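Notes to accompany the following structure.
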Amino acid sequence: MCPHHRGHLTLEATGLRDQAGEPLIYTPHDFRRMFATETVTGGLPVHIAARILGHKTLTTTQAYDLGEN
């Protein structure tokens, strides 16, 4: 793994690549952000999503509904 990718999850084993042919690289927070966005935009009440994600304020979770995070 390249030094600048340390701490990132590589999907290299899947063979998935971006348009430039590079392996897709995600951080654990990227997956968390995708989960939060999908649940909130999919209709899960924000206060429940906030509880699942461990957010202390609804404002943090509401940002996912706006696509800001």
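Suppose the chain between Asp18 and Thr59 were pulled fully straight at 0.36 nm per residue; how much longer would it get relative to their current alpha carbon spacing?
Between Asp18 and Thr59, full extension yields an extra 11.5 nm.
With r as the distance between the Cβ atoms of His47 and Tyr26 and R0 = 25 Å, compute the FRET efficiency 1/(1 + (r/R0)^6) and round to 0.05.
Given R0 = 25 Å and the Cβ-Cβ separation, E is 0.35.
On a 1.4 Å probe surface of the protein chains, which of Arg51, Arg32, Arg17 comes out largest in accessible area, and what is the full order?
Result of the area sort, largest leading: Arg51, Arg17, Arg32.
The values are calculated or read from the model by the stated rules, or taken from the named source; none is laboratory data. The model shown is predicted, which means the values in this text are computed figures rather than measured ones. Glycine gets a Cβ as well: all are built from the backbone with ideal geometry, and neighbour counts include every protein chain shown. Surface areas here come from the heavy atoms of the whole protein model, side chains and all, with no ligands, DNA or RNA. Shrake-Rupley method; radii C 1.70, N 1.55, O 1.52, S 1.80 Å.
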